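Trainee: Provided herewith is a single structure, encoded as structure tokens, for subsequent inquiry.
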Amino acid sequence: MVLMPESPRIVVGVTGRIGSGKTAVARHLAELLGAQYLRYSQILAEWFKVDPSDKRRLQEVGEAVMSGDGQKQLNQRLVGRIDSARDAVVDGLRHPIDFESLRARFGLRFFLVFVDTPAEIRYERLRKRFDTYASFRDADLRTVESNIDSLRADAATVLPGTMATNELTGSLQRLVGEFRQRIVA
């Protein structure tokens, strides 16, 4: 079921630690809205010509971008790709600059959703990618992941990353309604 876009349009960013379920939430939300779907990692992969499935290389490139002035440029590239005529869902905010860039461009039409999932569940989801819990924790503690928790304070809502699909659908439908009401209020 696609929620028909109502005026005014919204832009929703989705953040959370690795394995939290943020991509599942973002894709589900984009499908519900019939919205444009963008991922920070895709913009990064295109910019640096990295295979998008190479998560470790993307983390390395992301760290290099984040440690210099590249985060602002990454955001300019992403914001420039957002279609002004439709709702959009942006997956993978990792830094306060990401939030600030989207808020500066879209104002109160931008909403952040933080997906919160316990580390043990996140590790279970990523077991094929990480041989041991220690290797998962190493990746989870990398610089590129270090600012994610600070985004919780900017989030319009925090969703548990353990919801069943039907529960998630209902929660996202309610959130979209709330977000649209906040704009017109």
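The values are calculated or read from the model by the stated rules, or taken from the named source; none is laboratory data. These figures come from a predicted structure and were not determined experimentally. Glycine gets a Cβ as well: all are built from the backbone with ideal geometry, and neighbour counts include every protein chain shown.
Trainee: Among (1) at pLDDT 95 or above; (2) touching a strand residue (DSSP E or B) at 6+ places or on another chain (Cβ under 9 Å); (3) over 22 Å from Leu102 (Cα atoms), there is one condition Leu168 misses while meeting the rest; what is its number?
Mentor: If we test Leu168 against (1) at pLDDT 95 or above; (2) touching a strand residue (DSSP E or B) at 6+ places or on another chain (Cβ under 9 Å); (3) over 22 Å from Leu102 (Cα atoms), just (1) comes out false.
Trainee: What about Asp154, is it acidic (Asp, Glu) and surrounded by 13 or more Cβ atoms within 10 Å (Cβ to Cβ)?
Mentor: For Asp154, the condition - acidic (Asp, Glu) and surrounded by 13 or more Cβ atoms within 10 Å (Cβ to Cβ) - is met.
Trainee: Look through the range 140-152, keep the residues that are assigned to a loop (DSSP other than H, G, I, E, B) and of a type outside the set (A, V, I, L, M), and return whichever of them is farthest from Ala119 (Cα to Cα).
Mentor: Asn147
Trainee: Still on this structure: Is one or more of the residues making up the range 126-137 within 26 Å of Val65 (Cα to Cα), free of Cβ contacts under 8 Å to residues at least 24 places away in the same chain, surrounded by 12 or more Cβ atoms within 10 Å (Cβ to Cβ) and of a type in the set (D, E, K, R)?
Mentor: yes
Trainee: Any chance you could count how many residues in the range 111-150 are modelled with pLDDT of 95 or more, touching an Asp or Glu at 6+ places or on another chain (Cβ under 9 Å), hydrophobic (A, V, I, L, M, F, W, C) and over 17 Å from Gly92 (Cα atoms)?
Mentor: Matching residues across the range 111-150 total 1.
Trainee: If you don't mind, another one. Looking at (1) over 18 Å from Ala35 (Cα atoms); (2) within 17 Å of the chain's Cα centre (by Cα), which one does Lys128 not meet, given that it meets all the others?
Mentor: The number of the failed condition is (2).
Trainee: Please tell me if Leu159 is touching a residue at least 40 places away in the same chain (Cβ under 8 Å), in contact with an Asp or Glu (Cβ under 8 Å, 6 or more places away or on another chain), over 28 Å from Arg57 (Cβ atoms) and of a type in the set (A, V, I, L, M, F, W, C).
Mentor: Yes.
Trainee: One residue is enough: does the range 87-99 have a residue meeting the conditions within 21 Å of Val25 (Cα to Cα), of a type in the set (Gly, Ala, Ser) and crowded, with 19+ Cβ neighbours inside 10 Å?
Mentor: Step one: list which residues in the range 87-99 are within 21 Å of Val25 (Cα to Cα), which gives 87-96, 98-99.
Imposing the further condition that a residue be of a type in the set (Gly, Ala, Ser) reduces the set to 88, 92.
This time we only want the ones that are crowded, with 19+ Cβ neighbours inside 10 Å, so: 88, 92.
Yes: the range 87-99 contains one or more residues that are within 21 Å of Val25 (Cα to Cα), of a type in the set (Gly, Ala, Ser) and crowded, with 19+ Cβ neighbours inside 10 Å.
Trainee: Right, something else. Spot the failing condition for Lys72; the list is (1) free of Cβ contacts under 8 Å to residues at least 60 places away in the same chain; (2) under 21 Å from Asp154 (Cβ atoms); (3) buried (at least 18 other Cβ atoms within 10 Å of the Cβ), and only one is missed.
Mentor: (3)
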